[in-house]
Structure formats: structure tokens, C-alpha cells
Amino acid sequence: MAKTSTTTQGLRAAIERSGYYPALVAEAVEAAVGGEPIRSYLVHQETTFDQNEVRRHVTVLVLTDNRFIVSHTDEQAADSTSPTPYATTSTESVKIGRISSVVVSRVVANPESYKPGTLPREVVLTIGWGAVSRIDLEPAACGDPNCEADHGYTGNSTADDLSLRVSEAGDGPETVREALAFAQSLSEATADTTR
């Protein structure tokens, strides 16, 4: 993911390699990016099994100098609302300054013999900008096992706008490298306080 003038062509080529409605996906992403130069990108195609159907989904993440753009495209089988199969694509544009967290979780095999630079087996990239939060609550308690008082609730609020998992086994080592490179670029962009 070189940060050069060829990044736009690289993004287009990555979308085409995914093989998932490339004309539709590229048009949506290019419209969202507009004329801004692309600093980094990640294209992730995911296949899931839903009972007797195979469903595909592609996520495209793009970082420009000022924005983080997320595009999702899903395919749907014919149903009561449409007699033919259809796809839904959406894009969201987030100002870099709104991103509140970039979490990179790495899963490594045999951590006792880990050597710096070794590719993780799996990477989970979680990005929060305040659009979606998850609240997990549970009854609060005190240390007294005989206490019957109501202590209210305790819990966590977690920013969970986007979570993307890539693995070496499922997506290949190059996609894991690309996910790490994109995460680093996004982290660096959010650390720049002038944005």
C-alpha cells in the first residue's frame, strides 16, 4: 500500500481482485473519496454461510488526509421485496478527528518463541468514532456474601463502530500485512493533533 500517486489505481485493482461486483463497489468508493488523495486502503472480502445460502460481503476502508471512509457491500437473494437478487452498498465518511479509538488485536502462535516482525495468525481491527456503542450491564455486588442490598448496576460502554477480522489461514498472509499497514496508517493519522 504505497502512498504514491498510483494508490488510486492500486485501490481499484484491489477491488477488482476481490471479484465482488467490482464496478458497483469501485463507483461507490470513488464517489465517497471524491478528488482527495488516498493515503492508505484495505479491501476485505468475506464469505459466510447462512443456512443453505452462501453470502458474500466486501468492506473497503480508505484513509485520505482528512477522512476515513468505510464502504460495505452485501448481496441478497431474491425475496418478497425483490424478485431478483440484489446488492446493497453503503459508504460512510468520518472526519479523522472524530476517530476515538483504533484497536489492533494480534493473535500469535507460540508466543514464548515470538520474534519481532513475525506475522500474526490473525488480526482484529476495531475502530470507534462514536456512531455505535455497545453497553454491557450487570448487577453490581459488594464483597459481603450475605448482603441483600440493591447495589445498582455496573458495566462497560465500548465504541464498536467497525470490527474487521483477517486471518492468515482464511485471507492469506498478504491480507494480514495489509490490515496491519492500514491500522498503522490510521493510528498515525489519528495521532496528528493538527487534524
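Using a probe radius of 1.4 angstrom, the carbon and sulfur fraction of the accessible surface of region 25-131 is 49%. Take the Cα of ASN52, go 7 Å toward its beta carbon, and the backbone nitrogen atoms of region 73-88 under 18 Å from that spot belong to 76-80, 84-85.
The C-alpha atoms of the chain define a longest principal axis, and helix 173-191 lies at about 70 degrees to it.
In this structure GLU168 has an accessible area near 80 Å², from a 1.4 Å probe over the protein heavy atoms. With all pairs of different C-alpha atoms in the average, the Kirkwood value for the hydrodynamic radius of the chain is 19.1 Å.
Against the chain, whose longest principal axis is taken from its Cα atoms, helix 7-18 shows a tilt of about 80°. Note on the chain: GNM, Cα springs under 10 Å; of ARG55, ARG12, ARG165, the largest mean-square fluctuation is that of ARG55. Once the 1.4 Å probe is applied to the protein heavy atoms, the chain comes out at 59 Å² accessible per residue. Our coupling estimate for region 86-96, obtained by passing each phi through the Karplus curve with A = 6.51, B = -1.76, C = 1.60 and θ = phi - 60°, is 8, 10, 10, 10, 9, 10, 10, 10, 10, 5, 3 Hz, Gly and Pro reported as x. Label sites at SER187 and ASP79, each approximated as a point 7 angstrom past Cα along Cα to Cβ, lie 3.8 nm apart.
Reported value for region 39-148: 278 Å³ per residue, from the convex hull of its C-alpha atoms. Between SER93 and ALA149, the distance separating the two model label sites (each 7 Å from Cα on the Cα→Cβ line) works out to 5.4 nm. Tilt of helix 22-33 relative to the longest C-alpha principal axis of the chain, in degrees (0 to 90, nearest 10)? The angle comes out at about 70 degrees.
The values are calculated or read from the model by the stated rules, or taken from the named source; none is laboratory data. Given the structure is predicted, the values throughout are model-derived calculations rather than measurements. Note that we place each Cβ from the backbone using ideal geometry, even for glycine, and neighbour counts take in every protein chain shown. The accessibility values were calculated without ligands, DNA or RNA, using every heavy atom of the protein model including side chains. Shrake-Rupley method; radii C 1.70, N 1.55, O 1.52, S 1.80 Å.
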